[in-house]
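Engineer: Got a structure for you, questions after.
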Amino acid sequence: MMKTLYLLRHAHTDPPTPPLMRDYDRILSPKGAEEALALAETMINEKISPDLVLSSPSARTVQTTELIFETLFHKTGVKTLCRFDRNLYLVPAEKILLEVQITDNAIEKLMIVGHSPGLADLAMALGRNSPHPEFSAFAPCTLAIFTSSCKNWDDFSPATAAFAQIFLPKG
């Protein structure tokens, strides 16, 4: 059995409009919506289909998740379980990895939709044996894929994971 972890940063956003808008409420920009739809097409073409999506519940991550997975459903008929978890909002890499490690082992392919710098730091840690120059920037709507031959998610770590592929934003 192999575990696959997809790390996806939310698409581009509009800047907050203080003092009324909190960071949590920032929405996707038109460019960000285009990026999310383009990534959905890439995922269809590359046959990327996670079993479970865990997403931060901020407005921008929810929008990114919904645009991608509604497109996948309408074009492929594939339904994906998506959960929105406050434990993923603007957290460091270590906390993201803990969420990964407590995932039900029946799940083979897990996607995390979140924020940088947590996702960037986790990508750098997981890909330390084959670093990619895009890990440190981890631009909005970047999707990085890591695999591990471990049977259990609690064994998924920088010691067991390998970098597989990265998709950079289009749009």
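The values are calculated or read from the model by the stated rules, or taken from the named source; none is laboratory data. Source: prediction; values computed, not measured. Cβ coordinates were reconstructed from backbone atoms using ideal geometry, including for glycine residues, and neighbour counts include every protein chain displayed. Heavy atoms of the whole protein, side chains included, go into the accessibility calculation; ligands, DNA and RNA do not. Shrake-Rupley method; radii C 1.70, N 1.55, O 1.52, S 1.80 Å.
Engineer: Note down the nm distance, to one decimal, between modelled labels 7 Å out along Cα→Cβ at Met1 and at Ala159.
Structural biologist: 2.0
Engineer: Could you work out how far apart the two model spin labels at Leu98 and Ser49 are, taking each label as a point 7 Å from the Cα in the direction of the beta carbon, and quote it in nm?
Structural biologist: 3.4
Engineer: At 0.36 nm per residue, minus the direct Cα-Cα distance, what do Arg83 and Asn105 gain on full extension? Give it in nm, one decimal, please.
Structural biologist: Stretched out fully, the Arg83 to Asn105 stretch lengthens by 6.3 nm.
Engineer: Evaluate the charge dipole of the chain about its Cα centre and quote only its size in Debye, nearest 20, assuming +1 on the Cβ of each Lys and Arg and -1 on the Cβ of each Asp and Glu.
Structural biologist: 80
Engineer: Turning to a different aspect of this structure: Got a number for carbon plus sulfur as a percent of the range 1-154's accessible area, 1.4 Å probe?
Structural biologist: 56
Engineer: Here's another thing I want to ask about it. For Lys151, Lys109, give the ranking by accessible area with the largest first, probe 1.4 Å.
Structural biologist: Descending accessible area places them as Lys151, Lys109.
Engineer: Based on alpha-carbon positions alone, could you give the equivalent ellipsoid semi-axes of the chain from the gyration tensor, as √(5λ), descending, whole Å?
Structural biologist: For the chain, the semi-axes come out at 24, 18, 15 Å.
Engineer: Now for a separate question. Ordered by residue, what ³J(HN,Hα) values in Hz, to whole numbers, does the range 130-139 give under the Karplus form 6.51 cos²θ - 1.76 cosθ + 1.60, where θ = phi - 60° and Gly and Pro are x?
Structural biologist: 9, x, 10, x, 7, 4, 5, 7, 6, 4
Engineer: OK, next. Whenever you get a sec, line up Ile96, Ile102, Ile27, Ile44 from highest to lowest accessible area (probe 1.4 Å, protein heavy atoms).
Structural biologist: Ile102, Ile27, Ile44, Ile96
Engineer: Sticking with this structure for a sec: Taking the solvent-accessible surface of protein heavy atoms with a 1.4 Å probe, what is the per residue accessible area of the chain in Å²?
Structural biologist: On a per-residue basis, 48 Å².
Engineer: Another one. Which lysines, on any chain, are close to Lys151 with Cα under 27 Å apart, when same-chain ones fewer than 8 places away are left out?
Structural biologist: Lys151 reaches Lys3, Lys47, Lys79, Lys95, Lys109.
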